[in-house]
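Right, one structure below, let's go through it.
The values are calculated or read from the model by the stated rules, or taken from the named source; none is laboratory data. Values in this document were obtained by computation on a predicted structure and should not be read as measured data. So basically every Cβ, Gly included, is an ideal-geometry build from the backbone, and we count neighbours across all protein chains shown. Calculation scope for accessible area: heavy atoms of the full protein, side chains included, ligands and nucleic acids excluded. Shrake-Rupley method; radii C 1.70, N 1.55, O 1.52, S 1.80 Å.
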Amino acid sequence: QVQLVESGGGLVQSGGSLRLSCVASGIIFRIDVMKWYRQAPGKERELVASITNGGTTNYADPVKGRFTITRDSATNTVYLQMKSLKPEDTALYYCRTIGVRDTWGQGIQVTVSS
């Protein structure tokens, strides 16, 4: 069974930066896609960014040009570098891996103050 542990969240001022990390551990057969989602209070969970095994990335329009997703396949880690943060980026951020299994992390809080 795969476990995902997110880290790197916290409180930052508008315009600041944070880097989220998500490490997959346990019995990992194959991970094809790694994704970051977020859910703000009172809103639906939304896809923020994704990266495939081949390195193909996709971003939600609100974060394009500000967020960068990368992965280290050797350590089964996915990162989300977030720059020029805005108050509307405040949310609980979740990591998800899709492969033999579909696994979600517990989520980590990101709060951007104005």
Practice problem: With respect to Gly55, determine if the residue is open to solvent by less than 70 Å² (accessible area, probe 1.4 Å) and either β-branched (Val, Ile, Thr) or under 21 Å from Gln3 (Cα atoms) (or both). | Solution: no
Quiz item: Among Lys35, Lys43, which is the only one that is outside any strand (DSSP E or B), charged (D, E, K, R) and closer than 23 Å to Lys83 by Cβ?
Solution: Lys43
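Tell me which residues, restricted to region 18-44, are of a type outside the set (Gly, Ala, Ser) and exposed (fewer than 15 other Cβ atoms within 10 Å of the Cβ). Spell out how you get there, then give the answer.
Residues of region 18-44 that are of a type outside the set (Gly, Ala, Ser), as a first pass: 18-20, 22-23, 27-39, 41, 43-44.
Arg19, Ile27, Phe29, Arg30, Asp32, Gln39, Pro41, Lys43, Glu44 - these are the residues of region 18-44 that are of a type outside the set (Gly, Ala, Ser) and exposed (fewer than 15 other Cβ atoms within 10 Å of the Cβ).
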Exercise. Could you tell me which residue of region 1-55 is modelled with the lowest pLDDT, considering only residues that are within 24 Å of Ser73 (Cα to Cα) and among the basic types (Lys, Arg)?
Key: Arg30
Quiz item: For residues in region 79-109 being modelled with pLDDT under 95 and open to solvent by 60 Å² or more (accessible area, probe 1.4 Å), which is nearest to Gly15 (Cα to Cα)?
Solution: Asp102
Quiz prompt | Check on Leu11, aliphatic (A, V, I, L, M), surrounded by fewer than 18 Cβ atoms within 10 Å (Cβ to Cβ) and either in a strand (DSSP E or B) or touching a residue at least 24 places away in the same chain (Cβ under 8 Å) (or both) | solution = yes
Quiz item: When you go through (1) β-branched (Val, Ile, Thr); (2) touching an Asp or Glu at 6+ places or on another chain (Cβ under 8 Å); (3) in contact (Cβ under 8 Å) with a residue 40 or more places away in the chain one by one for Val63, which number turns out not to apply?
Solution: (3)
